[in-house]
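Read-outs: derived from the displayed coordinates by stated rules, not from any lab. Just so it is clear, the structure is predicted and the values come from calculations on it, not from any experiment. Cβ coordinates were reconstructed from backbone atoms using ideal geometry, including for glycine residues, and neighbour counts include every protein chain displayed.
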Amino acid sequence: MEPIYITGAGVVSAIGVGKAETLTSLIEGSSGIRAMKYLQSRHCDLPVGEVQLSNEEMMEMLRMPYDPFLTRTALIGRLALCEALEQSGLSGEALSAVPFISATTVGGMDRRELCYAQEKDCDCNHAHALIATHNCADSTKMIAGYFGQFAFLSTVSTACSSATNAIITGANMLRCGMADTVIVGGAESLTMFHLNGFNSLMILDHQQCRPFDRDRAGLNLGEGAAYLVMETEASLNKRDATPIGRLSGYGNACDAFHQTASSPEGTGAVLAMQEALAVAGLKPSDIQYVNAHGTGTPNNDESESYALKTVFADSLPPVSSTKSFTGHTTSASGSIEAVFCLLAIQHQFIPANLNWHTPMDNGIIPYTTASAGLASGNPITHVLSNAFGFGGNDSSIILSGN
Amino acid sequence: MTQKRIFIQAAEQISIQQPLSQQWMDEPLSYDNRLVKAVNPAFRDYLPANEARRMGGLLKRALVTTMKVLNDTAIDHPDAIITGTSIGSLDCTEKFLDAMVENEEEMLSPTWFMQSTHNTVGSTLGIYTKTHGYNTTYSHGAMSFDLAVLDAWMQMQLGKISTALVGGHDEMVESYFTLLKKAGYVGQPGMVPCGEVAMSMMLNTQPTSDALCELSEIAINQGDKYYSLSKTPTYKLQTSNLKLQISNITDISAVMTGINGNPANDLSYQTLVANLFPDRPRLHYKHLFGENYTSSALGLYAAAHCLKQNHLPSFLYDSDSPCLVQELNSILLVNQMENQQFSFILLKKL
């Protein structure tokens, strides 16, 4: 396919605000999964990957007046988008030609659940505010509103693959000639709704998650946001912008198996990875690193291992799940991990899969040595990143060096 | 890129009109209530009882409209399933929230949570029909359905897919309706009822004898920018903040808008139509199908069937329409979201 260049990236998660802090944590192998600090939940014994800032602190960083109706999702999203726009050099009037495609699932549920008990008695202004925090579109609008007018807004919501699918929608827009530049990604904050939902499914680990380990016991929920500025070659040349990498392939498929479980063979995952490789015109052996979905649930890691072995056979490159750093940031994970992949290419390192000790039956052996620079002389040029959502909404993207 | 032609091969609805039929064209149902639930078909005729029991109303309606479309078109596995839903399985979300607050975060059943994510509809359609192709969901308020159509359109133009099941699905519950009413979105005096939406359609790049009409143009814009695929405008409409490419304004037989009797919603439609299409016949549909986020899906459904039957029931005319349609060749659908984001879809008769 025609090249799609990435000229800006911003990321906020439990391991840092911005790419610099994120890179340090990834190279040092220091996880951001900690005891609960900001979320007000009874289940405070569950470790989570929280952004280490209060809402008030984020508003200060954004130099904006205190606004109790702004959701945590919107604040985290604004911080990430600030960094992406700054790197790309886009601002003000230029944004009016740029579609903004953002992903979320629970959106502003953090606000709504706090006020839920009082909803029946609320007045019209509060009703407005409550609706505006429930709706996914309003989450996107709240993030965008800080920056000015975009060409149009769109919200993708496919659970844990949402941000990856926002990247895919943006890529199709560029290829169709509907825009020269798009901003894509996702934002999600921790909520009681999500925490209790995953808890009711009994897939939350009470320790730090252990992706691909025999004794893994589930995921940790996380929060964060990441956005990418993607543009066509013509736009890149016109703006004289400097690319930090390329989106070279993408695939989306449906596992069509179960609402909350992946098929044992990882059918959807296999199809998504194969399509991404085909679109990129690459062979499995051309990929130097796979950033796995790797949630740490017994089901995902088994199914994904099977799928990886099916797609890569004898040429499986190093694989790691960075959810051992951030927790599972659900709708934002696809774009957060895309930024990790760009950092891996730019700085030539492979993030470690933390907390791994014992191989699982028929599982892949993840890459566990956190270190800057690679021992082998094999440069990292192409990286594949997976994101799989509830209901089998499976997507894969390939990021490449320039 | 040469623009590929796209056809609507079939479109089915379950709404506040008679389900799975075009009976509304002859005998439309009308309501005095401000919140009207969908008129459900006998689900047992379409779904095994054990399946139906596990699913909420939204899922059942989405599934049944889909099954009918797949059956009518004899396409078992479309290349893509693309869904627009603003609030997803709202009923399950509210139930889970209720239980979470009441039980103070203890003893929660996962069932409501599992069905509460917005992509439950789209992925259930994939699971039920064993369709492994592209599957995604847009949840962007009143633009959710239009963005789903845009996605299918893009991928068809790129040659990535040739068939797509595209749907718009939203439900409504009393508690959320009350909130929306307080905020002034629905239930206002003089307004159409708040309804429920299930609409599934098959888009196909192949013309088939049963096709309802052609999906000729789609453009979605925000403020003063527009996006359209047709690169060869021979006629450009322009006002201070809206542009649209249509080959010739007289090619538009009628303009169908989402006016609903609420001035906060209607004013921008009225201004837009008066500026851009002052002498074109005006149609509306929400007085029949009600207001909900993805109601625009029902407008498109109604317009497609009118074009197929070459018939416009008189009650579709807006009371301030400057004239009647002389010859029905096309309908331009206009949808807007909070007076900020606009969508235009042009359907043409075959």
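Data table
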{"read-out": "DSSP-defined antiparallel bridges as percent of all bridges, region A:4-239, nearest 5", "value": "65 percent"}
{"read-out": "Sequence-distant aspartates and glutamates (8 or more away, or on other chains) whose Cα lies within less than 16 Å of B:Lys60", "value": "B:Glu12, B:Asp45, B:Glu51, B:Asp91, B:Asp170, B:Glu171, B:Glu196"}
{"read-out": "Charge dipole (the protein assembly as shown, unit charges on Cβ, about Cα centre) - positive-most of A:His134, B:Ala11, A:Ala338", "value": "B:Ala11"}
{"read-out": "Karplus (6.51, -1.76, 1.60) ³J(HN,Hα), θ = phi - 60°, over region A:199-206, in Hz, Gly and Pro reported as x", "value": "5, 5, 7, 6, 10, 9, 7, 7"}
{"read-out": "Centre separation in Å (Cα based) which lies between region B:299-314 and region B:1-77", "value": "16 Å"}
{"read-out": "Degrees, to the nearest 10: B:90-102 long Cα axis against longest axis of chain B", "value": "40 degrees"}
{"read-out": "Anisotropy class of region A:4-239 from Cα gyration tensor, a/c 1.5 cut", "value": "oblate"}
{"read-out": "Over 20 Å between alpha carbons, listed pairs B:Lys308/B:Lys348; A:Lys120/B:Lys95; A:Lys141/A:Lys323", "value": "A:Lys141/A:Lys323"}
{"read-out": "Under 5 Å, built H, 5+ apart or other chain: amide partners of A:Thr260", "value": "A:Gly391"}
{"read-out": "Furthest towards positive pole of dipole, B:Gly258, B:Ser175, B:Leu312, structure part chain B, Cβ charges", "value": "B:Leu312"}
{"read-out": "Dimensions (Å) - region A:248-400, Cα atoms, principal axes, largest first", "value": "41, 35, 30"}
{"read-out": "Coarse-grained scattering of region A:168-288 at q = 0.09, 0.20 Å⁻¹, given as base-10 log I(q)/I(0) from a Debye sum over alpha-carbon atoms", "value": "-0.41, -1.25"}
{"read-out": "Per-residue HN-Hα couplings for region B:208-219 [Karplus 6.51, -1.76, 1.60; θ = phi - 60°; Hz; x = Gly/Pro]", "value": "10, 5, 8, 4, 7, 5, 9, 8, 8, 9, 9, 9"}
{"read-out": "Sequence-separation-based contact order of chain A, relative, with Cα cut under 8 Å and 6+ spacing, percent", "value": "24 percent"}
{"read-out": "Interchain or long-range residues, amide H under 5 Å from B:Gly187's placed H", "value": "B:Cys194"}
{"read-out": "Mean separation of Cα contacts under 8 Å, 6 or more apart, over the residue count of region A:4-239: relative contact order %", "value": "30 percent"}
{"read-out": "Counting DSSP beta bridges with both ends in the protein assembly as shown, the antiparallel % (nearest 5)", "value": "70 percent"}
{"read-out": "MRE, 222 nm, helices only [DSSP H, n ≥ 4, -39500 (n - 2.57), over chain B, to nearest 500]", "value": "-9500 deg cm²/dmol"}
{"read-out": "Cα radius of gyration and Dmax for chain B (Å)", "value": "19.5, 64"}
{"read-out": "Shape of chain A, Cα gyration tensor, a/c cut at 1.5", "value": "oblate"}
{"read-out": "Residues with amide H under 5 Å from that of A:Asp205, placed H, sequence gap 5 or more", "value": "A:Leu219, A:Asn220"}
{"read-out": "Region A:124-282, relative contact order [Cα under 8 Å, separation at least 6], %", "value": "16 percent"}
{"read-out": "Principal-axis tilt of helix B:296-309 within chain B, Cα atoms, nearest 10 degrees", "value": "60 degrees"}
{"read-out": "At q = 0.15, 0.19, 0.21, 0.28 Å⁻¹, base-10 log of I(q)/I(0) for region A:61-114 (Debye sum, equal scatterers on each alpha carbon)", "value": "-0.55, -0.82, -0.94, -1.18"}
{"read-out": "Average partner coverage of A:243-255, which counts Cβ from other chains inside 10 Å", "value": "3"}
{"read-out": "Lysines whose Cα lies under 27 Å from that of A:Lys238, excluding same-chain neighbours fewer than 8 positions away", "value": "A:Lys19, B:Lys225, B:Lys231, B:Lys236, B:Lys243"}
{"read-out": "Shielding score for A:394-400, defined as the mean number of other chain Cβ atoms within 10 Å", "value": "1"}
{"read-out": "Average beta-carbon neighbours from other chains, 10 Å sphere, peptide A:117-123", "value": "3"}
{"read-out": "Dimensions (Å) - region B:70-122, Cα atoms, principal axes, largest first", "value": "49, 20, 16"}
{"read-out": "Computed FRET value (nearest 0.05) for A:Asp215 with A:Glu57, which takes r as the C-beta separation and R₀ as 35 Å", "value": "0.45"}
{"read-out": "In sequence order, calculated HN-Hα J values of region B:73-87 (Karplus, 6.51, -1.76, 1.60; Hz; x Gly/Pro)", "value": "9, 6, 10, 6, 10, x, 5, 8, 10, 10, 10, x, 8, 6, 10"}
{"read-out": "Cα-based equivalent ellipsoid of the protein assembly as shown: semi-axis lengths in Å, sorted from largest, via gyration tensor", "value": "40, 28, 25"}
{"read-out": "Cα shape, region A:1-98, gyration tensor, a/c 1.5 rule", "value": "oblate"}
{"read-out": "Label-point separation, B:Gln206 to B:Ser21 (7 Å along Cα→Cβ), nm", "value": "3.1 nm"}
